[in-house]
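Each remark here refers to the structure printed beneath this line.
The values are calculated or read from the model by the stated rules, or taken from the named source; none is laboratory data. As the structure is a prediction and not an experimental result, all values here were calculated from the model. Here the Cβ positions follow ideal geometry from the backbone for every residue, glycine too, while neighbour counts run over all protein chains shown. The protein model used for the area step is the full one, side chains on, heavy atoms only, and it has no ligands, DNA or RNA in it. Shrake-Rupley method; radii C 1.70, N 1.55, O 1.52, S 1.80 Å.
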Amino acid sequence: MLLKKIYIISLILLTGSYFLQAQSKKDSSSNRVLKFTPSSINKTAVKLTESLSENTDENEIAAAYESLALELKTKKEYAKAEEYLQKANTIYFKRNDKYKQYLASRELAKLQELQGKYNLAYLNYMHAANFSNSDTKKKLNQNDAERVKNHLYPEVQSQYITKNIQLLDKIDLPEESKEAFQQLAEVNSQMNFNETAIDIYKKLSETFPDDNYIQKKLADVYIADKQYDKAIDINEKLLENTDKNVNAQIEQLKSLSEVYIIDNKQKEGISALKQAYQLALEEGHTLEAIKCAELVAAELVKEKKFQQGINLYKDFLNRLDGLIKSDSTLVDAKLFQITEDKIKQLEKEKALKDELITEKNTFNSVLMGSIIILVLLLFVIIKAFFAIKNKNRKIALQSLRREMNPHFLFNSLNSVNQFIAENNELEANKYLTSYSRLMRNIMENSNKDFIQLNKELEHLNEYLQLEQMRFGDKFSYAIHVDDSIDPETVSIPNMLIQPQLENAIWHGLRYKAEKGKLDLKFTNHNHHLLIIIEDDGIGLTQSKKIKTVNQKMHISRGLTNVRERILLLNELYKTGIRLDIKEKELPEMGVAVELRIMNYELRN
């Protein structure tokens, strides 16, 4: 039962640690240069920004929107694809380009259908019918509109699909014909006419032998018909054709595993998932790696192989830091997010520019009024700019706070592992209880810039007790608060003191031969809150000397993080915080840290 409990906790911490690491790496990505090739979707997005910024023809901008929508559709980002395609359609509407409106409306309907937005899909199919340049296309879209209207009734859908197949025999639209036959196969499958669906997919695969989607759909029908061997055979062949495409190979291994598991071949299914997991690790695909790890873990739980699950979890945690550093897909996603923000900004600028041009052409007689409007707009923009700047500072401050959590989390987990390795169940349970209570308190206040002193004292006391437990009473500590300070009415910045305590313990006290002492004092000095952290450890000079080669090569983010947060707090709240770190002069040993806060009144 203990092993199972630890395994479940491990899975929860695995997900949490991933997101904390991902956020941390996002914040520090500006300090690291990764060599990667932007994806096609990013290249297309950049072309759109160029079209918007260079004031190109409206048709070129609409074409750029359409290209980006198509790229997003291939990535199954249907909502975003719909958004950009709608922008292209708006331009076509303004230019009264009915043919382009026909194409865009039909594609919009398909995207909305994929998202289950059947009412909107119906409307856009009808729009496409109205913009059609032939009776055949008009009828084709009307049939599709009726088909989505009856999406709950596959028998009725089958009738309209059959009508469309008959219409498509008269015109040369091979992709539309293929899609119609796929729809017919799907509705037959929904009606449990699996044999008919299989026949349709087989004929389609003969006409389009390189279309893997058809093969996958055929495999799905075989699964529904409990012909698992045939489904496995198709998936294995598809896997052989994905050697040069790692993403496709990972997805195909997952599909193959799913069929194996449905066919009660758990061993083969888990093996395929592990292959997908290893591929994701080798290629530096963090998101895929965590998905595969979760799938493998789920199957290991079903097989009651808890130790293997824990080993997998440990392996993933050990690899996670390097995995995120080498994962170009995270950088690529961040790059696309930045490009999207730029697109939105350019759209706003373009809309503003168009508005100004229209006003200039329409209201030349009221030039002075236009100038006043521009001044007001400029004022609003500047005000918004400073508001955004402050918001970004708050976001940066929050990110820096959260950056302090991952390494603390991992250090604590190592301690749990040590207790487990020593078969010290009582200490492990005791440590986990204290640790979870501390983490819950930290997480509850992680979104706050300031925290009441009494709560901070509670967190610091819990943290020091954990460290005492971890290092076997290697040190003693004392916390003193001056009588002139009311902990319930004083507010201080969140998570500034804990890193200094951690440095004192990890770099000073733990290397001391005898038992050390750590003092934390809060005093009111000239109407300033003075926080003093003193230890009698080995000191800064000796600590640097005993560092290993790896430790010297590693650049600590702890002190840098604190100084960056102090800078942001001073800019945002005028707190006047100062941090001084001094080594004690001989014959005394140790380090004294002074944290001075000028404005420390209670903040809500």
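For this structure, a couple of remarks:
- Set side by side, the residues LEU518, LEU501 differ, and just one is within 35 Å of the chain's Cα centre (by Cα) and either assigned to a strand (DSSP E or B) or modelled with pLDDT of 90 or more (or both), which is LEU501.
- Test for ALA197: is it out of contact with any Cys (no Cβ under 7 Å at 6 or more places or on another chain) and within 27 Å of ILE261 (Cα to Cα): yes
- Of the residues in the range 205-223, none is touching a helix residue (DSSP H, G or I) at 6+ places or on another chain (Cβ under 6 Å), modelled with pLDDT of 90 or more and part of a loop (DSSP other than H, G, I, E, B).
- Test: residue in the range 161-171 that is in a helix (DSSP H, G or I) and under 39 Å from the mean Cα position of the chain (by Cα): no
- Some residue of the range 464-478 being touching a residue at least 60 places away in the same chain (Cβ under 8 Å), open to solvent by less than 10 Å² (accessible area, probe 1.4 Å) and of a type outside the set (A, V, I, L, M, F, W, C): no
- Where ASP97 falls short, out of the listed (1) modelled with pLDDT under 80; (2) open to solvent by less than 60 Å² (accessible area, probe 1.4 Å): (1)
- When LEU108, LEU152 are checked against the criterion of being part of a helix (DSSP H, G or I) and within 28 Å of TYR213 (Cα to Cα), a single residue qualifies: LEU108.
- Qualifying residue in the range 39-58 (condition: surrounded by fewer than 18 Cβ atoms within 10 Å (Cβ to Cβ) and under 24 Å from ASN212 (Cα atoms)): yes
- Test set (1) at pLDDT 90 or above; (2) of a type outside the set (Ser, Thr, Tyr); (3) under 26 Å from LEU432 (Cβ atoms) - LEU529 fails condition number: (3)
Here is a yes/no grid of residues against (1) over 30 Å from GLN166 (Cβ atoms); (2) touching a residue at least 24 places away in the same chain (Cβ under 8 Å):
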site	(1), (2)
MET191	no, yes
ALA197	no, yes
PRO209	no, no
VAL246	yes, yes
GLN249	yes, yes
LYS265	yes, no
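- On inspection, LYS149 fails the criterion of being more than 30 Å from GLN190 (Cα to Cα), of a type in the set (Lys, Arg) and either out of contact with any strand residue (DSSP E or B) (no Cβ under 7 Å at 6 or more places or on another chain) or buried (at least 22 other Cβ atoms within 10 Å of the Cβ) (or both).
- If you go through the range 480-498 and keep only what is in a loop (DSSP other than H, G, I, E, B) and in contact (Cβ under 8 Å) with a residue 40 or more places away in the chain, you end up with ASP482, SER484, ILE485, THR489, ASN494, MET495, LEU496, ILE497.
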